[in-house]
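Peer 1: Below are the structure tokens for one structure; questions will follow.
The values are calculated or read from the model by the stated rules, or taken from the named source; none is laboratory data. Everything numeric here is computed off the predicted structure, so don't read it as measured data. No Cβ is skipped: glycine too gets one built from the backbone with ideal geometry, and neighbour counts run over all protein chains shown. Ligands, DNA and RNA are stripped out before the accessible areas are found, and what is left, the full protein with its side chains, is counted by its heavy atoms. Shrake-Rupley method; radii C 1.70, N 1.55, O 1.52, S 1.80 Å.
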Amino acid sequence: MRKKIVAGNWKMNKTQDEGLKLTSEIVNMVGDEVTGDVTVILAPPFVHLAQVGRLIAGADHLFLSGQNCNDHAGGAYTGEVSAAMLKSVGADYVIIGHSERREYFQETDAQLAKKVDLALENGLAPIFCCGESLETRENDDYIAFVCQQLKESLFHLPAADLSKIVIAYEPIWAIGTGRTASSEQAQEMHAALRKYIAAQYGEELAENLSILYGGSAKPANAPELFACADVDGGLIGGASLQSRDFVDIVKSF
Ligand code: PEP
């Protein structure tokens, strides 16, 4: 049985007070309203991790994630944060390869592979993001493009490690644009990625891997997306900044 997951990526939003207020609201709403078997992950900015972690400690369903980690274990990398540091403040997950990091910080597939390794070595489950640009989507090879991203950054892993990864398919043309992939488009890609992973690692592993959709997901479209056979939840940006919207998405399975 694969995990149903909704992860909120706050990106570079929320001051400390705002972030703690949002977290408290989410803790209360999840406690009161969420009954099913769903993993809810909060990915606040680094500076809020420890405090958000304290607020969610002991709460059912809720887990903490970093939004990124460095591709070195430690040392003279001013301004950076390591996987070990994330683990030390209570994170269980780390987002790796978000399209904003690939684009604005020129993160390469090879660097992402190193981040994945360091995350796993430090007991963090990577939420590995992949996805194509609008230009690639308009060509016929968009599925091959995203499969290649998985191959380059993940397929060096032994099966035992690959099985710990959460994949987040995030078409770049749908992130923060209000333009969501249709449920058919999401299902097509998710099924193709699962098949590609199965060809390399076997059906059983692929069937147990959670593949999340990300890109302008909101309460209005989450139920249809989450109803797709190969969509196991969502990585949520904008709508994760409002407790009511975020928790309504969590309740969309
Ligand atoms: C994201 O950046 O991971 C994301 C899915 O953003 P949004 O939901 O705002 O499109």
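Peer 1: Among what's in the range 34-56 and is among the β-branched types (Val, Ile, Thr) and out of contact with any strand residue (DSSP E or B) (no Cβ under 9 Å at 6 or more places or on another chain), pick the residue that is nearest to Lys11 (Cα to Cα).
Peer 2: Narrowing the range 34-56 to residues among the β-branched types (Val, Ile, Thr): 34-35, 38-41, 47, 52, 56.
Add one more test, that the residue is out of contact with any strand residue (DSSP E or B) (no Cβ under 9 Å at 6 or more places or on another chain), and what stays is 35, 47.
Details: Thr35: 27, Val47: 12 Å.
The residue in question is Val47.
Peer 1: Exactly one of (1) open to solvent by 40 Å² or more (accessible area, probe 1.4 Å); (2) out of contact with any Phe, Trp or Tyr (no Cβ under 6 Å at 6 or more places or on another chain) is unmet by Ala159. Its number?
Peer 2: (2)
Peer 1: Follow-up question, since we're still on this one. Taking the range 138-148, which residues are surrounded by fewer than 21 Cβ atoms within 10 Å (Cβ to Cβ) and out of contact with any Ser or Thr (no Cβ under 7 Å at 6 or more places or on another chain)?
Peer 2: Glu138, Asn139, Asp140, Asp141, Ile143, Ala144, Gln148
Peer 1: Let me ask another. Within the set of pairs 6+ apart or on separate chains, which have a first residue in the range 82-93 that is basic (Lys, Arg), a second that is surrounded by fewer than 20 Cβ atoms within 10 Å (Cβ to Cβ) and not in a helix (DSSP H, G or I), and C-beta atoms under 9 Å apart?
Peer 2: What qualifies is Lys87/Asn122; Lys87/Gly123.
Peer 1: Give, as residue ranges, the helices (runs of 4 or more DSSP H) completely inside the range 195-253 that count at least 2 residues that are within 25 Å of Ser24 (Cα to Cα).
Peer 2: 222-226, 243-250
Peer 1: Please indicate, with yes or no, whether at least one residue in the range 122-135 is at pLDDT 95 or above, in a helix (DSSP H, G or I) and either open to solvent by 50 Å² or more (accessible area, probe 1.4 Å) or away from the ligand (no atom under 16 Å from the Cβ) (or both).
Peer 2: The answer is no, given that none of the residues of the range 122-135 is at pLDDT 95 or above, in a helix (DSSP H, G or I) and either open to solvent by 50 Å² or more (accessible area, probe 1.4 Å) or away from the ligand (no atom under 16 Å from the Cβ) (or both).
Peer 1: Something else about it: I'm trying to understand the selection: among the residues of the range 57-92, which are farther than 13 Å from Phe46 by Cα and in contact with a strand residue (DSSP E or B) (Cβ under 6 Å, 6 or more places away or on another chain)?
Peer 2: His61, Leu62, Phe63, Asp92
Peer 1: Looking at Ser240, Ser216, can you tell me which residue is out of contact with any Leu (no Cβ under 6 Å at 6 or more places or on another chain), within 11 Å of the ligand (Cβ to nearest atom), over 10 Å from Ala168 (Cβ atoms) and at pLDDT below 95? Talk me through it step by step, then tell me what you get.
Peer 2: Values: Ser240 fails: at pLDDT below 95.
After applying the criteria, what remains is Ser216.
Peer 1: Taking the conditions exactly as written (farther than 15 Å from Glu132 by Cβ, out of contact with any His (no Cβ under 8 Å at 6 or more places or on another chain), at pLDDT 95 or above and open to solvent by 10 Å² or more (accessible area, probe 1.4 Å)), does Ala222 satisfy them or not? Steps first, please.
Peer 2: On the way: farther than 15 Å from Glu132 by Cβ: yes; out of contact with any His (no Cβ under 8 Å at 6 or more places or on another chain): yes; at pLDDT 95 or above: yes; open to solvent by 10 Å² or more (accessible area, probe 1.4 Å): no.
The answer is no for Ala222.
Peer 1: Then there is this: Kindly indicate the residue of the range 167-181 that is in a loop (DSSP other than H, G, I, E, B) and modelled with pLDDT of 95 or more and also farthest from the ligand (Cβ to nearest atom) among those meeting that condition. If you could, list the steps in order and put the result at the bottom.
Peer 2: Just the residues of the range 167-181 that are in a loop (DSSP other than H, G, I, E, B), to begin with: 170-171, 175-181.
Adding the requirement that they be modelled with pLDDT of 95 or more leaves 170-171.
Numbers: Glu170: 5, Pro171: 9 Å.
Checked the range 167-181; the qualifying residue farthest from the ligand (Cβ to nearest atom) is Pro171.
Peer 1: Could you say which residue among Ser153, Ser65 is part of a helix (DSSP H, G or I) and either under 17 Å from the mean Cα position of the chain (by Cα) or surrounded by 19 or more Cβ atoms within 10 Å (Cβ to Cβ) (or both)? So that I can check it myself, show each step before the final result.
Peer 2: Details: Ser65 fails: part of a helix (DSSP H, G or I).
Exactly one of Ser153, Ser65 is part of a helix (DSSP H, G or I) and either under 17 Å from the mean Cα position of the chain (by Cα) or surrounded by 19 or more Cβ atoms within 10 Å (Cβ to Cβ) (or both), namely Ser153.
Peer 1: Right, something else. When only residues in the range 243-253 that are open to solvent by less than 20 Å² (accessible area, probe 1.4 Å) and away from the ligand (no atom under 11 Å from the Cβ) count, which is nearest to Ile95 (Cα to Cα)? Spell out the reasoning first.
Peer 2: Start the filter on the range 243-253 by keeping residues that are open to solvent by less than 20 Å² (accessible area, probe 1.4 Å), which leaves 243, 246-247, 249-250, 252.
Still in the list and also away from the ligand (no atom under 11 Å from the Cβ): 243, 247, 250, 252.
Details: Ser243: 20, Val247: 20, Val250: 18, Ser252: 22 Å.
Only one residue tops the list, namely Val250.
Peer 1: Take the residues of the range 193-213 that are surrounded by fewer than 20 Cβ atoms within 10 Å (Cβ to Cβ) and hydrophobic (A, V, I, L, M, F, W, C): which is farthest from the ligand (Cβ to nearest atom)?
Peer 2: Going through the qualifying residues, I end up with Ala199.
Peer 1: If I filter the range 75-120 down to residues being part of a loop (DSSP other than H, G, I, E, B) and open to solvent by less than 50 Å² (accessible area, probe 1.4 Å), which single residue comes out as nearest to the ligand (Cβ to nearest atom)? Walk me through it before giving the result.
Peer 2: Here is the first cut: in the range 75-120, the ones part of a loop (DSSP other than H, G, I, E, B) are 75-82, 89-92, 97-98, 105-108.
Applying the additional criterion that residues be open to solvent by less than 50 Å² (accessible area, probe 1.4 Å) yields 81-82, 90-91, 97-98, 107.
Working: Val81: 19, Ser82: 22, Gly90: 21, Ala91: 17, Gly97: 11, His98: 6, Glu107: 15 Å.
That would be His98.
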